[in-house]
Amino acid sequence: MTYNIAKMRNIGISAHIDSGKTTLSERILFYCNKIHAIHEVKGKDGVGATMDSMELERERGITIASAATNVDWKDITINLIDTPGHVDFTIEVERSLRVLDGAILVLCSVGGVQSQSITVDRQLKRYKVPRLAFVNKCDRSGANPFRVTQQLREKLGHNAVMIQIPIGLEEKLEGVVDLVTMKALYFDGKSGETIRETEIPAELIDQAKEKRDELLNAVSMFSDELAESYLEGTETVEQIRKAIRTGTLSLELTPVLMGSAYKNKGIQPLLDSVVSYLPCPSDIEYTALDVDKNNEEFLIKPDPAAPLISLAFKLEDGQYGQLTYIRIYQGSIRKGLELVNTRTQKRFKVGRLIRMHSDSTEDINEAFCGDIVALFGIDCASGDTFTDSSINVSMTSMYVPEPVISLAINPKDKKSADNLSKALNRFTKEDPTFKTYVDAESNQTIIRGMGELHLEIYIERMKREYKIELETGMPQVAYRETITQPARFDYTHKKQTGGSGQYSRVAGIMEPYAENDYLFVDNIKGGVIPNEFIGSCDKGFKQCLPKGRIIEFPIVGVKMTIDDGNFHPVDSSDIAFQLGAIGGFWQAFEKAKPEILEPVMKVSVEGPTEFQGNILGSINQRRGMIVATTEESNFTRVDAEVPLSEMFGYSTVLRSLTQGKAEFTMEFLKYGKVPNSIAEQLKKEYDERKKNEAKKK
């Protein structure tokens, strides 16, 4: 195969849960001749969608891990990544978007812009990814792509422009009108593989002309040539496509396409649009940091002959050892080449170089910049940069959100205990949002993650993949402690036990700090504390932060200012000032009216309007604050802020309240104050636990 970077596209499919991402991926594979039969996500044939290769994904009908594949459309190579929609697996979306050049934002033509669409859009903006919008499920009752396009503008702030309109809607959906070529497209044959191009039906001519004018008005902003031709009425298809591409790449335009993946309508024009409007790797400017030049930023050249720069963005434990997915940004890679991991400075040889197709692999000898491939048997972490030894650079990694929920797990027997450490090592390496530690006091193994489903999936995988028998404790919320008012401290640390003693005096003020963070301020005048001991005070304060005094959770939102103190020329030392700072911290903490904070989640519940009362009631019972309710046709969406501790088991409750017709998503929003009654209950439970632990000892 001859290499041409302009004939390559790296795209991801992102969307709200249940918008049809995996169904769309399946159709793309079929039309690109990668598979010879279409399988459905919850298929009756028991096979399941190709991109959902994990047994759990097929059973539940959801995507858990992002899957990569490589297809050819016409003469263009497309690396495609299907990402999960569920917010618990948000890291899969983050890491995929970090290495993609473009994306297809899939929206349901009935649900429109849903809560998760907003999260996905925020991720796309974070990585500056140009996107096309595909309004799916136009065959469902209540479908309205015109309303969805309006929501794209209003809710997501996109300059969304339709480049197609539907021919019929709901069960009458027949095809689409292409507003660029002004032709009607119908999808015939058993699986819509034959495209029939005809004149636009008479009843749609006026609407098509009106929408085409809207399109030309919007895109002529990106091309003076098109603006002139449009005024003269001589615009060409080529000029329009060029202007749409310019607008899309500048992130100032979102072309909107539509169809129904399930009914095999509108997929081939979407693939044509990926080729025409989304960037090739050389259209995007990527930067790296030069480690030898004090992390100075420099521009990456998408040149196969330049020194190699590649990023490991996803790890997976396969049957032949660790599989590392990498994106090559500069240079090329081939079997036998020696690479350097710039984080650890370890060298290794490329043994097997493979191209992925969901869970199957194809060995290749060489890959070039722009490619997404995988390596076997390399010891590395997600986000590591690999280069050849000629340059020492590092690429910035992806954004990793903090886990908000934890669960105690206990292996039932010795064999399970041995396997548990293997499983936890693997999962924490693969997924940066899945964390684990052993609680020093209870000696329990604690796992932490993004939500109930996230932890549930990992527990299920431990049982299936490692045959581990587990007992699980109650889910534990990641509370925090903070202070509510300023308090002064003035603490003298003295210790005299023969020989040289320890002496320090540290004084200052502890204040609430808005950023939910920690800040140290040095206001020492006149050398009352020597410079070399200022850092010791900071160290001492920091040692107090991991464990508060109310229920032993981390302390946040504290500003520590030192403005006075004293030292002894012989007895003062680094450790004496650290201990003095610790004493001063706790002296002030008691006086600063400490309180407990809890994670508050942004919850979005969607379901039929007839159950609106039940949904609102269920949120109010959970100390929820309703932010907005929107009604569209016979569908209601309720946005609320609810404490995480109240959301356990909510999916079961919601199902029974709405006959299984409503669904919800939630993601971390902020930390909020715990009401006094609940704070007292938490303190009581904590004291009880401490008593029991003391008895055991």
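Rule-based calculations on the coordinates, nothing more; no lab input. What you see is a predicted model, and the numbers here were worked out from it, not measured in a lab. Cβ: placed from backbone, ideal geometry, glycine included. Neighbour counts: every protein chain shown.
Taking a straight Cα-Cα cut-off under 18 Å and skipping sequence neighbours fewer than 8 places away in the same chain, the lysines within cross-link reach of K242 are K7.
Over 20 Å apart at the Cα level, from the set K128/K293; K190/K265; K591/K673, are K128/K293.
From the largest down, segment 631-697 spans 61, 25, 19 angstrom on the principal axes of its Cα atoms.
Using a simple spin-label model with pseudo-atoms 7 Å out from Cα toward Cβ, K525 and E225 lie 6.9 nm apart. Compared with the alpha-carbon gap, the fully stretched path from E338 to E316 is longer by 5.7 nm at 0.36 nm per residue. Over 31 Å, how big is the tail of the calculated P(r) for segment 5-283, in percent of all Cα pairs? Pairs farther apart than 31 Å: 21 percent.
Between amide H atoms placed 1.01 Å from N, distances below 5 Å from K265 occur with S260, all of them 5 or more places distant or on a separate chain. What angle do you read, to the nearest 10 degrees and between 0 and 90, between the alpha-carbon axis of helix 676-696 and the longest principal axis of the chain? Approximately 60 degrees, to the nearest 10.
Would you please report the Å³ per residue occupied by the convex hull of the alpha carbon atoms in segment 405-476?
Measuring per residue, one finds 80 Å³ for the Cα hull of segment 405-476.
What is segment 299-427's relative contact order, in percent, from Cα pairs under 8 angstrom and six or more apart in sequence?
Relative contact order, segment 299-427: 27 percent.
Between D213 and K683, the modelled labels are 7.0 nm apart [label points 7 Å from Cα along Cα→Cβ]. For E515 and V237 in the same chain, what is the full-extension length gain: residue separation times 0.36 nm, less their Cα-Cα distance, in nm? Roughly 94.9 nm would be gained on extension.
Here the label points at E170 and D413, each 7 Å from Cα along the C-beta direction, are separated by 5.9 nm in the simple model. The long axis of helix 90-99 is offset from the longest Cα principal axis of the chain by roughly 60 degrees.
Listed cross-link partners K125/K211; K125/K559; K435/K602 are compared with a 25 Å cut-off, the Cα-Cα value being larger for K125/K211; K125/K559.
Each part reduced to its alpha carbon centroid, segment 211-269 and segment 631-697 end up 46 Å apart.
If I take R0 = 45 Å and measure r between the Cβ atoms of S250 and K293 in this structure, what FRET efficiency does the formula 1/(1 + (r/R0)^6) give, to the nearest 0.05? Before the final figure, lay out the partial values.
On the way: r = 30 Å, r/R0 = 0.67.
Plugging the Cβ-Cβ distance into 1/(1 + (r/R0)^6) gives 0.90.
Roughly how tilted is helix 205-219, in degrees to the nearest 10 and between 0 and 90, from the longest Cα axis of the chain? Taking the Cα atoms of the chain, the angle to 205-219 is about 50 degrees.
Hey, could you grab the Kirkwood Rh for segment 274-388? Inverse mean 1/r over distinct alpha carbon pairs, Å, one decimal. This gives a value of 14.7 Å.
Give the separation of the Cα centroids, segment 399-425 to segment 181-210, in Å. So the separation of the two Cα centres works out to 54 Å. Cα centroid separation, segment 496-538 to segment 442-470: 42 Å.
A cut-off of 5 Å between modelled amide H atoms, ignoring neighbours fewer than 5 places along the same chain, links R343 with T385.
Kirkwood analysis of the Cα pair distances in segment 80-236 returns a hydrodynamic radius of 17.4 Å.
The DSSP beta bridges internal to segment 5-283 are antiparallel in roughly 50% of cases.
With a Förster radius of 56 Å, plug the Cβ-Cβ distance of K690 and E366 into 1/(1 + (r/R0)^6) and report the FRET value to the nearest 0.05.
It comes to 0.35.
As an exercise, take the mean of 1/r over every pair of distinct alpha carbons in the chain, invert it, and state the Kirkwood radius in angstroms. It is 28.5 Å.
Extension gain, N392-K422: 0.36 nm per intervening residue step, less the Cα-Cα distance, totals 7.5 nm.
For segment 162-257, the fraction of C-alpha pairs more than 23 angstrom apart is 30%. For segment 485-592, the convex hull spanned by the alpha carbon atoms encloses 91 Å³ per residue.
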